[in-house]
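Student: The structure is given below, and queries will be raised subsequently.
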């Protein structure tokens, strides 16, 4: 049986099928995405939005008296329940607060919008700060919370500073040491004098980190060792070796409760530092947070709560505990605490 084919008709049909497949490829994903978005979007109550909002704002050290509740201009049927004016210290970028508020909600829970406006009244001359930001949070298509953030030069968060002296760097190289040396955090690395310490100091300096030197009974390198059987001249040689090989130490330390400090040679060693007008500091003058006997986070909170206004608190801590404190450091940094390199503070330490 013979079949006759109309080539033109076949080409037309194939072209139509190709076009239909292309069209379906565009439409179906959009229909599916719309369905997914609709399922993911959900309305949450105004009280829950308000609770999260206040928690985020207060997490930056914003005090209750700086958060002023306003009465919304509501018309019948309006959904807005919470309206605030938030006074912000000039050292805190409003954008940081807004970013935390946005990130505290799950996908599809809120619709977030913000815009900058000029405040009606402002005492700030700096054009970068002479502005306000209005934040609106919606859920389920309804406006739930509105807040106006305004810079206020008359208010200030805590201005306390904290500096860490981190021990443990005299032990053999560890992964933790590598991470701390390469981290952006500021601290003084505490080392015991040795040839190995000289190599570690090179790595610390390459990362713009300073170090302090601890003299004690654990010194094994003969060039720097202090032994009660040594003659006076031999002890002086050890002092000169320490000062000559480690001239850039931020501080020279000892433990006043150690056998080294109670030995017969200690006063001679200290005299060598004194006559050179080099400070020789007892670590017990710092806060030995490892020895407080309470959980680390509670000990840290106590140190900060007991610190004096506008004073730098110096904390002596092991490398392991310093690493464990990182989440607490992040939390308190948000509230206004400054975590600094103790170099200057230890130089002026009284």
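The values are calculated or read from the model by the stated rules, or taken from the named source; none is laboratory data. Model, not experiment: these values are computed from the prediction. FYI the Cβ positions are ideal-geometry reconstructions off the backbone, even for glycines, and counts take in every protein chain you see.
Student: Filter segment 219-253 down to the residues that are touching a helix residue (DSSP H, G or I) at 6+ places or on another chain (Cβ under 9 Å) and under 23 Å from residue 181 (Cα atoms) and list them by number.
Tutor: 219, 245, 246, 248, 249, 250, 251, 252, 253
Student: Kindly provide the set of residues from segment 285-312 that are closer than 18 Å to residue 156 by Cβ and touching a strand residue (DSSP E or B) at 6+ places or on another chain (Cβ under 6 Å), ordered by number.
Tutor: 307, 312
Student: Next question. Among the residues of segment 264-274, is any touching a helix residue (DSSP H, G or I) at 6+ places or on another chain (Cβ under 6 Å) and within 18 Å of residue 166 (Cα to Cα)?
Tutor: No, because not a single residue in segment 264-274 is touching a helix residue (DSSP H, G or I) at 6+ places or on another chain (Cβ under 6 Å) and within 18 Å of residue 166 (Cα to Cα).
Student: Looking at segment 305-350, which of its residues are free of Cβ contacts under 8 Å to residues at least 40 places away in the same chain, surrounded by 14 or more Cβ atoms within 10 Å (Cβ to Cβ) and in a loop (DSSP other than H, G, I, E, B)?
Tutor: 325
Student: Filter segment 127-142 down to the residues that are surrounded by 11 or more Cβ atoms within 10 Å (Cβ to Cβ) and either more than 17 Å from residue 80 (Cβ to Cβ) or modelled with pLDDT under 75 (or both) and list them by number.
Tutor: 129, 130, 131, 132, 133
Student: Specify which of the listed residues (300, 260) is surrounded by 18 or more Cβ atoms within 10 Å (Cβ to Cβ), at pLDDT below 95 and assigned to a helix (DSSP H, G or I).
Tutor: Matching residue, one of 300, 260: 260.
Student: Would you call residue 277 modelled with pLDDT under 95 and at positive phi?
Tutor: yes
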